[in-house]
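The values are calculated or read from the model by the stated rules, or taken from the named source; none is laboratory data. In this text the structure is predicted, and so the values were computed from the model without any measurement. Counting neighbours? That spans all protein chains shown, and the Cβs are built from the backbone with ideal geometry, glycine included. For the accessible areas, the whole protein counts, side chains as well, though only heavy atoms, and no ligand, DNA or RNA atoms are used. Shrake-Rupley method; radii C 1.70, N 1.55, O 1.52, S 1.80 Å.
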Amino acid sequence: MITWIPQVAFLSVTSQSQGKDSSVSIYTIANDHAHTNISHLISEQRRRLPEEDALTVARGFVGAYPNVFFHVEKFHLPDFVDAIAGLTSERDYRALVSRFGVRRTTPTFWRHSDMLHAAYRQIAPIEAGLFDYNRLENR
């Protein structure tokens, strides 16, 4: 169930060729929450249609307020997809983040953050700025 995936996740997929530096591809995973309508700010839960929720995967960066970072080696991508497809609880989500996530407490967090910002400047040199980490989870 994709309800466990936060609104915006940045996914970096690395692949290494023999004798070459690794290349990184960046994707955004957006959790699209379905509603009967969005005309009111209150009582959102009454208008939710969780069975119609969907994930959108877009190349590059969508949004500036990521909730989680995922880093996956290309050959582990099927495992990552299977783990997301098999989510049934908060415990499953925590296991997913433990295996593929880059938390604020991960020793390589700032190196990963710097890599994302460099990739953003390369992908969109005019629009690129700093990501806002106020919504970044650490669960």
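The set of residues in the range 85-132 being among the hydrophobic types (A, V, I, L, M, F, W, C) and open to solvent by 40 Å² or more (accessible area, probe 1.4 Å) consists of Ala85, Ala95, Trp110, Met115, Ala118, Ile123, Ile126, Leu130. When you go through Pro78, Pro6 one by one, which is the residue that is open to solvent by 60 Å² or more (accessible area, probe 1.4 Å) and either under 16 Å from the mean Cα position of the chain (by Cα) or farther than 22 Å from Asp132 by Cα (or both)? Only one candidate qualifies: Pro78. Can you tell me how many residues within the range 117-139 are among the polar types (S, T, N, Q), within 28 Å of Ser98 (Cα to Cα) and assigned to a helix (DSSP H, G or I)? Here the count works out to 1. Going by what's in this entry, would Ser43 be described as within 25 Å of His117 (Cβ to Cβ) and open to solvent by 30 Å² or more (accessible area, probe 1.4 Å)? No: the conditions fail for Ser43. Pairing each residue of the range 76-94 that is farther than 12 Å from Ile5 by Cα with any residue that is at pLDDT 95 or above, provided the two are 6+ apart or on different chains, yields C-beta distances under 6 Å for Phe80/Val72; Phe80/Phe100. Assigned to a helix (DSSP H, G or I), without any contact (Cβ under 8 Å) to a residue 60 or more places away in the chain and surrounded by 14 or more Cβ atoms within 10 Å (Cβ to Cβ): does that describe Ala30? Against the criterion (assigned to a helix (DSSP H, G or I), without any contact (Cβ under 8 Å) to a residue 60 or more places away in the chain and surrounded by 14 or more Cβ atoms within 10 Å (Cβ to Cβ)), Ala30 does not qualify.
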